[in-house]
């Protein structure tokens, strides 16, 4: 049996390529290989990665990856599939996943197509009702459900016995089997085998995704699953049920050692929703890499918890282990908004953490979200002011997105601010929906103003001797620190120039139209 797992192309507003290995598909492929040995053949087709560096213009959007029907047919035909799996994690990329499914069903009408991922999980019934070319949906955690689906297709199980599976019955009714219990021991899953993909290809482009990375090449890992919090804008609680499960550190250490020794990786990007969850675990993690002296760096995409402000020893230990940047998901500088989004964060503690981290030599950053339904312009400007008055090195401003499966989506629907239509290419970098207080255009303008003015603000900020010596100077301890800071500065300048050129070209295009 030949199983092909596909990462679709995407359509977005930004032409830059952000690429990392498809870790979810790699994990599924590795698990199937462990369970079935030689009884099945598993391969990964990353359509997004296949033409990295060659985005194609499509109106005011860009197609990243292969979306040509004939090319997709050629690539998939090499693998002679008996089962096709398509990843569908983000709501904004759902259209592309369906497009690939429709194309493949045309060429292989008798081959079952299964979808999985966050978005597919949250609207499984609707996908099956509206799209005859999708046969199965795997909800939530995928490994065991996919294994049992394969067994059912081989005649070893009935479809009705596979927990976590939604499917179309012979009479066209939609069957949603009971949810599957989560895997209690993540160490029963094998270490993801990067041999399923061409890591050299991802190494070449990964620096563009993690553009603040200190060392290259970069690879990603997950050391845990789930998050115990209940932020209204996040669907994680509906995928993992607010349950945090961690892999054993011995297995994590082994995976990192493989990435370093076999693939030459020099920076590990941790994708956990909550890496800094259990203090003892982080101490053990840091001690291991301090002792091993592997000369690698660590970063954490989802951010760091503010309670670190109360533990100077752990902050110091993380720095010695290779963590060099602390990013905090602050989200808002307004207490009323923080209460609305149910973010367990204390702004005083956040300011304390930023100050301590700077003095220990960390680069500091934060995520902020504006445009929640009831948020006023004044409250939004409180968030911008908080960021600009802080000691942060970097601030990333996003416009709130009501993604399906989140409580925020339900609120937007209740207030008639969103319908069921999914806008192609929607993602966190651009707002598409009005709030009750402001239009999407005005929200995007504030985001552009806050993001666009940051570089100038920080240059002026660091020119003050007190700020230079207390905040910037502690970051420079080795020659590599100077090289890193120069590369960051140069990258920000380049991005600013690109923004100005893009703005100028759009203005000229507008004049021509007029």
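The values are calculated or read from the model by the stated rules, or taken from the named source; none is laboratory data. Note that this is a predicted model, so its numbers are computed, not measured. All Cβ positions, glycine included, derive from the backbone under ideal geometry; neighbour counts span all protein chains shown.
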(request) Give the residues of the stretch 228-239 that are surrounded by fewer than 20 Cβ atoms within 10 Å (Cβ to Cβ) and assigned to a helix (DSSP H, G or I), sorted by residue number. (result) 238
(message) Quick check on residue 338: is it free of Cβ contacts under 8 Å to residues at least 40 places away in the same chain, over 24 Å from residue 448 (Cβ atoms) and buried (at least 16 other Cβ atoms within 10 Å of the Cβ)?
(response) no
(request) Name the residue, out of 459, 472, 463, 501, that is farther than 30 Å from residue 414 by Cβ, exposed (fewer than 11 other Cβ atoms within 10 Å of the Cβ) and at pLDDT 80 or above. (result) 463
(message) So, in the stretch 454-483, how many residues would count as being assigned to a loop (DSSP other than H, G, I, E, B) and farther than 19 Å from residue 387 by Cα?
(response) 3
(request) Take the stretch 88-123 and flag every residue that is within 25 Å of residue 225 (Cα to Cα), at pLDDT below 95 and either in contact with a strand residue (DSSP E or B) (Cβ under 6 Å, 6 or more places away or on another chain) or not in a helix (DSSP H, G or I) (or both). (result) 88, 89, 90, 93, 97, 117, 120, 123
(request) Kindly list the number of the only condition in (1) touching a residue at least 40 places away in the same chain (Cβ under 8 Å); (2) closer than 22 Å to residue 394 by Cα; (3) surrounded by 21 or more Cβ atoms within 10 Å (Cβ to Cβ) that fails for residue 328. (result) (1)
(request) Determine if the stretch 446-453 includes at least one residue that is surrounded by 14 or more Cβ atoms within 10 Å (Cβ to Cβ), modelled with pLDDT of 95 or more, in contact with a helix residue (DSSP H, G or I) (Cβ under 8 Å, 6 or more places away or on another chain) and part of a helix (DSSP H, G or I). (result) yes
(message) Of all residues being within 27 Å of the chain's Cα centre (by Cα) and assigned to a strand (DSSP E or B) in the stretch 163-182, which is nearest to residue 144 (Cα to Cα)? Just the residue, please.
(response) 165
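To keep it simple, each residue is scored yes or no on (1) touching a residue at least 40 places away in the same chain (Cβ under 8 Å); (2) at positive phi; (3) crowded, with 20+ Cβ neighbours inside 10 Å; (4) out of contact with any strand residue (DSSP E or B) (no Cβ under 6 Å at 6 or more places or on another chain).
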{"residue": "357", "(1), (2), (3), (4)": "yes, no, yes, no"}
{"residue": "360", "(1), (2), (3), (4)": "yes, no, no, yes"}
{"residue": "363", "(1), (2), (3), (4)": "yes, no, yes, no"}
{"residue": "372", "(1), (2), (3), (4)": "yes, no, yes, yes"}
{"residue": "377", "(1), (2), (3), (4)": "yes, no, no, yes"}
{"residue": "382", "(1), (2), (3), (4)": "yes, no, no, yes"}
{"residue": "393", "(1), (2), (3), (4)": "yes, no, yes, no"}
{"residue": "397", "(1), (2), (3), (4)": "yes, no, yes, no"}
{"residue": "400", "(1), (2), (3), (4)": "yes, no, yes, no"}
(request) With respect to residue 372, determine if the residue is more than 27 Å from residue 492 (Cβ to Cβ) and under 23 Å from the mean Cα position of the chain (by Cα). (result) yes
(request) Kindly establish whether residue 268 is assigned to a strand (DSSP E or B) and either in contact with a strand residue (DSSP E or B) (Cβ under 7 Å, 6 or more places away or on another chain) or surrounded by 16 or more Cβ atoms within 10 Å (Cβ to Cβ) (or both). (result) yes
(request) Would you be able to tell me the number of residues in the stretch 134-162 that are surrounded by fewer than 20 Cβ atoms within 10 Å (Cβ to Cβ), part of a helix (DSSP H, G or I) and touching a helix residue (DSSP H, G or I) at 6+ places or on another chain (Cβ under 6 Å)? (result) 3
(request) Quick one: in the stretch 16-56, of everything that is free of Cβ contacts under 8 Å to residues at least 24 places away in the same chain and outside any helix (DSSP H, G or I), which residue is nearest to residue 92 (Cα to Cα)? (result) 56
(message) Looking at 50, 61, 115, can you tell me which residue is assigned by TED's automatic domain parsing to the domain that holds residue 149 and out of contact with any helix residue (DSSP H, G or I) (no Cβ under 8 Å at 6 or more places or on another chain)?
(response) 61
